[in-house]
1. Out of all the residues in the stretch 106-114, is one or more farther than 25 Å from residue 13 by Cα and loosely packed, with under 15 Cβ neighbours inside 10 Å?
2. Just one of the numbered conditions (1) closer than 30 Å to residue 7 by Cα; (2) outside the structural domain of residue 7 (by TED's automatic domain parsing); (3) in contact (Cβ under 8 Å) with a residue 24 or more places away in the chain is not true of residue 56; which one?
3. Which of the residues that make up the stretch 1-52 are in a loop (DSSP other than H, G, I, E, B) and touching a residue at least 60 places away in the same chain (Cβ under 8 Å)?
4. With the structure loaded, tell me whether residue 99 is loosely packed, with under 15 Cβ neighbours inside 10 Å, farther than 19 Å from residue 38 by Cα and under 14 Å from the mean Cα position of the chain (by Cα) or whether it fails that test.
5. Are any of the residues in the stretch 85-94 over 16 Å from residue 105 (Cα atoms) and out of contact with any strand residue (DSSP E or B) (no Cβ under 8 Å at 6 or more places or on another chain)?
6. Which of (1) crowded, with 16+ Cβ neighbours inside 10 Å; (2) under 30 Å from residue 96 (Cβ atoms) does residue 42 not meet, given it meets every other one?
7. Scanning for something part of a loop (DSSP other than H, G, I, E, B), more than 13 Å from residue 109 (Cβ to Cβ) and assigned by TED's automatic domain parsing to the domain that holds residue 105, does the stretch 60-80 turn up at least one residue?
8. Any idea which of (1) in contact with a helix residue (DSSP H, G or I) (Cβ under 8 Å, 6 or more places away or on another chain); (2) under 22 Å from residue 117 (Cβ atoms) is the one residue 89 doesn't satisfy?
């Protein structure tokens, strides 16, 4: 792996998923592309804040119905300090463009990984 991109990628992964995160357990090329390119390039830059990238990623995963990845990235959003209310608003907005079923399913996933606090 390119040391600089790999380190940048791992820094983003740690911000999203915690300090004890390890490199993804994927085949060599997919792991390298994930760490170096996706998180070492795509998630970098000053044009979008990491929180904005997280919200965009959650939105796309909801719209596409990618439930396993939603769970991962909802945790990442929480770890970045994004309020649950923002994710809930995102679900409502996406429902109007991608459909109620994907937003309702995503809401179940959100409740699973980020339970609402009782009043």
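1. Step one: of the stretch 106-114, the residues farther than 25 Å from residue 13 by Cα are none.
For the stretch 106-114, residues farther than 25 Å from residue 13 by Cα and loosely packed, with under 15 Cβ neighbours inside 10 Å: absent.
2. Status for residue 56: all satisfied but (3).
3. Filtering the stretch 1-52 down to residues in a loop (DSSP other than H, G, I, E, B) leaves 1-2, 18-27, 43-49.
Once the filter is applied, which keeps residues that are in a loop (DSSP other than H, G, I, E, B) and touching a residue at least 60 places away in the same chain (Cβ under 8 Å), the stretch 1-52 yields only 18.
4. Values: loosely packed, with under 15 Cβ neighbours inside 10 Å: yes; farther than 19 Å from residue 38 by Cα: yes; under 14 Å from the mean Cα position of the chain (by Cα): no.
In short, no.
5. Looking only at the stretch 85-94, we keep the residues that are over 16 Å from residue 105 (Cα atoms), and these are 85-86.
Subsequent filtering for residues that are out of contact with any strand residue (DSSP E or B) (no Cβ under 8 Å at 6 or more places or on another chain) retains 85-86.
Looking through the stretch 85-94, at least one residue is over 16 Å from residue 105 (Cα atoms) and out of contact with any strand residue (DSSP E or B) (no Cβ under 8 Å at 6 or more places or on another chain).
6. (1)
7. Step one: filter the stretch 60-80 for residues part of a loop (DSSP other than H, G, I, E, B), giving 65-66, 80.
Add one more test, that the residue is more than 13 Å from residue 109 (Cβ to Cβ), and what stays is 80.
Right, trim to assigned by TED's automatic domain parsing to the domain that holds residue 105 and you get 80.
Yes; the residues of the stretch 60-80 include at least one that is part of a loop (DSSP other than H, G, I, E, B), more than 13 Å from residue 109 (Cβ to Cβ) and assigned by TED's automatic domain parsing to the domain that holds residue 105.
8. Unmet for residue 89, out of (1) in contact with a helix residue (DSSP H, G or I) (Cβ under 8 Å, 6 or more places away or on another chain); (2) under 22 Å from residue 117 (Cβ atoms): (1).
The values are calculated or read from the model by the stated rules, or taken from the named source; none is laboratory data. Please read these numbers as outputs of a predicted model, since none were measured by experiment. FYI the Cβ positions are ideal-geometry reconstructions off the backbone, even for glycines, and counts take in every protein chain you see.
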